[in-house]
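Trainee: Okay, handing you the structure first.
The values are calculated or read from the model by the stated rules, or taken from the named source; none is laboratory data. Remember, it's a predicted structure, so these values are computed and weren't measured experimentally. All Cβ positions, even for glycine, are placed from backbone atoms using ideal geometry, and neighbour counts span all protein chains on display.
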Amino acid sequence: MGSAMLLLVALGWWLRAPTPMFQIHRDISFAHVEGQPLMLDLYLPTDREVRPPVIIWLHGGSWKWGNKEHNPLRWTAMEGYASVTVNYRLSSQATFPAAIHDCKAVVRWLRANADEYGFDARRIVVAGGSAGGHLALLLAMTSDNAALEGSVGKHLEQSSKVQGVIDFFGPADLSVYQDRAGKDLTPAVTSFLGSPPWIDPTNANLASPIAHLDAGDPPLLIFHGSDDTVVQIAQSERLHKASLEAGIESTFINVEGAGHDGPEFYDEVRRPMIRLFLQKHLKN
């Protein structure tokens, strides 16, 4: 095939190639702590007529590992949402309440920078899996708690309040964190808190989303696997029941046969449930 023909083939392929449905702004620094930057990635839909609402994803990893590269809700950027993934301080770097201070700083940064990037930070849902689910819940339930608000970042005048939370198998009560067989899983909690929960129950209570529920909290969508051997499904069942009793809108999805994480939480069965929640609370 001659060079002219190759050029025509390449041009034809380029003309037929689909336009990327979102653009990625990587490694945006939203705050500095002790001279070190805290980073987020921002996925913005390219085909948008109005400012998209925002979905924040907080990664899991027992509070001690993981990073912003894993984003199972990235598909929402192809459906008209701005998707944000975050690096927060891990327990090896700083103990509670450092991580939640970082997560709240993200919300405040988004509100302060909405005009620059063109999203609608008046409408934010926070989501996360496992330890990230815990942080998402804690963020959503404590928008007026001075001890958990912290002073990370430059935008302390902004609100950290969100309009909804999607929790994937996150622990809600750190004082009773154990697996289905009753095995003690408090080493991860101890590393996160800085001391065992029974030594400092006040601190464990402060870090437990279920302890902060009130009628002003945003709506909840909770997913948990029936066979989770890391975080008992009872954690989410108790959270759902307590939320309803407090007057909070809550939907609980028992993913039958699922363990701790897995593709079934984000598949074509669960995705419509996520989509419906986002449409109800962010696009109305």
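Okay, residues lined up against (1) touching a Cys at 6+ places or on another chain (Cβ under 6 Å); (2) free of Cβ contacts under 8 Å to residues at least 40 places away in the same chain; (3) not in a loop (DSSP other than H, G, I, E, B):
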position: S92; (1), (2), (3): no, no, no
position: H101; (1), (2), (3): no, no, yes
position: V107; (1), (2), (3): no, no, yes
position: G128; (1), (2), (3): no, no, yes
position: L138; (1), (2), (3): no, no, yes
position: D144; (1), (2), (3): no, yes, no
position: Q158; (1), (2), (3): no, no, no
position: D167; (1), (2), (3): no, no, yes
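Trainee: While we're here: Take the residues in segment 32-45 that are surrounded by 12 or more Cβ atoms within 10 Å (Cβ to Cβ) and over 18 Å from the mean Cα position of the chain (by Cα); name whichever of them is nearest to A82 (Cα to Cα). Give the derivation first.
Mentor: Applying the first criterion (surrounded by 12 or more Cβ atoms within 10 Å (Cβ to Cβ)) to segment 32-45 yields 32-33, 37-45.
If we keep only those that are over 18 Å from the mean Cα position of the chain (by Cα) too, we end up with 32-33, 37, 45.
Working: H32: 23, V33: 25, P37: 22, P45: 6 Å.
Filtering segment 32-45 for residues that are surrounded by 12 or more Cβ atoms within 10 Å (Cβ to Cβ) and over 18 Å from the mean Cα position of the chain (by Cα), the one nearest to A82 (Cα to Cα) comes out as P45.
Trainee: Mind listing just one residue for me: the one in segment 68-85 that is crowded, with 20+ Cβ neighbours inside 10 Å and in contact (Cβ under 8 Å) with a residue 60 or more places away in the chain and, of those, farthest from F22 (Cα to Cα)?
Mentor: My answer is L73.
Trainee: Going by the conditions given, is L148 more than 15 Å from the chain's Cα centre (by Cα) and in a helix (DSSP H, G or I)?
Mentor: Taking the combined requirement at face value, the residue satisfies it.
Trainee: Also, I was wondering about something else. With at pLDDT 95 or above, closer than 26 Å to G150 by Cβ and out of contact with any Asp or Glu (no Cβ under 6 Å at 6 or more places or on another chain) as the only criterion, which of P209, P197 stands out? Step through it out loud before you land on a result.
Mentor: Numbers: P197 fails: at pLDDT 95 or above.
One residue alone meets the criteria, P209.
Trainee: Restricting to segment 68-81, count the residues that are within 14 Å of S130 (Cβ to Cβ) and at pLDDT 95 or above. Even if it seems obvious, please write down each step before you answer.
Mentor: Residues of segment 68-81 within 14 Å of S130 (Cβ to Cβ): 70, 72.
Then keep just the ones that are at pLDDT 95 or above; that gives 72.
Of the residues in segment 68-81, 1 are within 14 Å of S130 (Cβ to Cβ) and at pLDDT 95 or above.
Trainee: Here is a follow-up. Identify, by number, the condition in (1) part of a loop (DSSP other than H, G, I, E, B); (2) more than 17 Å from the chain's Cα centre (by Cα) that D217 doesn't meet.
Mentor: So the condition that D217 fails would be (2).
Trainee: Given the conditions (1) hydroxyl-bearing (S, T, Y); (2) modelled with pLDDT under 95; (3) outside any loop (DSSP other than H, G, I, E, B), and given that Y43 satisfies all but one, which numbered condition is not satisfied?
Mentor: The failed condition is (2).
Trainee: Same structure again: Among the residues of segment 228-283, count how many are small (G, A, S) and part of a helix (DSSP H, G or I).
Mentor: Step one: of segment 228-283, the residues small (G, A, S) are 234, 236, 242-243, 246-247, 250, 257-259, 262.
From what is left, the residues that are part of a helix (DSSP H, G or I) are 234, 236, 242-243.
Selection size over segment 228-283: 4.
Trainee: Which numbered condition trips up Y88, out of (1) crowded, with 20+ Cβ neighbours inside 10 Å; (2) out of contact with any Asp or Glu (no Cβ under 6 Å at 6 or more places or on another chain)?
Mentor: All conditions pass for Y88, except number (2).
Trainee: Among the residues of segment 93-109, which ones are farther than 14 Å from N145 by Cα, out of contact with any Phe, Trp or Tyr (no Cβ under 7 Å at 6 or more places or on another chain) and surrounded by 23 or more Cβ atoms within 10 Å (Cβ to Cβ)?
Mentor: Those that are farther than 14 Å from N145 by Cα, out of contact with any Phe, Trp or Tyr (no Cβ under 7 Å at 6 or more places or on another chain) and surrounded by 23 or more Cβ atoms within 10 Å (Cβ to Cβ): V107, R108.
Trainee: Considering (1) β-branched (V, I, T); (2) more than 18 Å from L138 (Cβ to Cβ); (3) assigned to a helix (DSSP H, G or I), say which one T202 fails and leave the rest.
Mentor: Failing condition for T202: (2).
Trainee: Keeping to segment 109-123, report how many residues are under 18 Å from the mean Cα position of the chain (by Cα) and part of a helix (DSSP H, G or I).
Mentor: Filtering segment 109-123 down to residues under 18 Å from the mean Cα position of the chain (by Cα) leaves 109-111, 119-123.
Next, only the ones that are part of a helix (DSSP H, G or I) stay: 109-111.
The number of residues fulfilling the criteria is 3.
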